1. Y131 versus L58, label points 7 Å from Cα toward the beta carbon: distance in nm?
2. Could you work out the Kirkwood radius for segment 82-194, taking every pair of different alpha carbons, averaging 1/r and inverting it, reported in Å?
3. Can you tell me the dipole magnitude for the chain around its Cα centre, using point charges on the Cβ only (Lys, Arg +1; Asp, Glu -1), in Debye to the nearest 20?
4. At each listed q (0.13, 0.30, 0.33 Å⁻¹), what is the log10 of I(q)/I(0) that the Debye formula gives for segment 60-105 modelled as equal alpha-carbon point scatterers?
5. Quick one: 3J(HN,Hα) in Hz for segment 280-285, Karplus 6.51/-1.76/1.60 with θ = phi - 60°, rounded, Gly and Pro as x.
6. Output the relative contact order of segment 150-284, whole-number percent, from Cα pairs under 8 angstrom with separation of 6+ residues.
7. Give me a comma-separated list of calculated 3J(HN,Hα) values for segment 169-179, in order, Karplus coefficients 6.51, -1.76, 1.60 applied at θ = phi - 60°, integers in Hz, x for any Gly or Pro.
8. Helix 235-254 sits at what angle to the longest principal axis of the chain, using alpha carbons and giving 0 to 90 degrees rounded to 10?
Amino acid sequence: MTSTYLPGTRSGPDAAPQPLPPAGRTRTRRRLLHWLTAMGFQLPALALFGVLVLLPILFALYAAFFRWGGFGMPSDYIGTDNFTRLFQDDVFLGDLWRCLLLVVLSLALQLPFALAMAVLLNQRIRGRAVYRMLFFAPYVLSEAITGVLFGMIFAPDEGLADHLLSDIGLGALGGKWFSDPSTVMATLFLVMTWKYFGFHMMLYLAGLQSIPAELTEAATVDGASPWQRFRHVTLPLLAPTLRISVFLSVIGSIQLFDLVWVVTAGGPDHHSETMAVTMFQYGFKRYQVGYASAISVAMFGISLVFALAYQRFVLRRDLAGATTNMRGDGA
């Protein structure tokens, strides 16, 4: 029997056995090393998040308790008067109503239209790649470009929309669009649908292509009609994608600003304002930054409550299987 000599160690019958470190201490060191490694990667992102997100939120909450014009530090403390004013402001209450209207229209019209186009373009039709590109292209455009484009299309008496209506003998219907309180929200929603439905369509396409074709083929063999295959096979398997799409649509409607600002700036007479537009008007046009901060806190609160409730009651099943063990020890 041969023995291996290691430098610095004693060998022979009198050599004492080298003690091994306890298993618990090794596991603790490994976890500590993993934690330090993870924190090293996360610290830059956490620092940016704290400076660019958390601090502005906390300062907005602080400024909401002051009558402040935006210059110097807030000093005129007025307590909760700004929040009380919110629920007495007809413009802000109108913003809440318009936000709800946009959410309902998005869920009832925009998302079903996007789903129908996704199902259609998931079929084997000629040129479907071109159609996908054309329908997704509006989402790539910036909101500023979209606003300027549709401002020219719906320009009273001179825009493309009025010329087309005149050519087909319906010129009396033109000339309003963004300038009439009775049509501004419908026209604005039309622009929103053109701009954003391609994004949701691509989400649905990705979800549809992840569904195994064998399931649909099995349903076809069993005699299911196209509607039955969609209702009992495709739709349930697409449900996680639908839930994410609904969440993004609602949050986007609550925070809508740039498209509205470029197209209508909240007009006419506040009939197309959103909470974000009202906040901008008070903060940067009227220099009532304290009241604008209260509006921003209200927007944040509405978004947070919706996000937490949606995660708790709607996304619970989707998130249950998404927990990942990052410790690497198999525990």
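1. 5.3 nm
2. On the way: mean 1/r = 0.0594 Å⁻¹.
About 16.8 Å for segment 82-194.
3. Details: 24 positive and 20 negative charges, 356 e Å.
Here the size comes out at about 1700 debye.
4. -0.42, -0.99, -1.08
5. 5, 4, 6, x, 10, 10
6. Working: 106 pairs, mean separation 28.8, N = 135.
About 21 percent, as a whole number.
7. So the J values, rounded to whole Hz, are x, 10, x, 5, 7, x, x, 9, 6, 7, 9.
8. With rounding to tens, the tilt is 60 degrees.
The values are calculated or read from the model by the stated rules, or taken from the named source; none is laboratory data. All values derive from a computational prediction rather than experimental measurement. Here Cβ is always computed from backbone atoms with ideal geometry, including for glycine, and neighbour counts include all displayed protein chains. Only protein heavy atoms, including side chains, enter the accessible area calculation; ligands, DNA and RNA are left aside. Shrake-Rupley method; radii C 1.70, N 1.55, O 1.52, S 1.80 Å.
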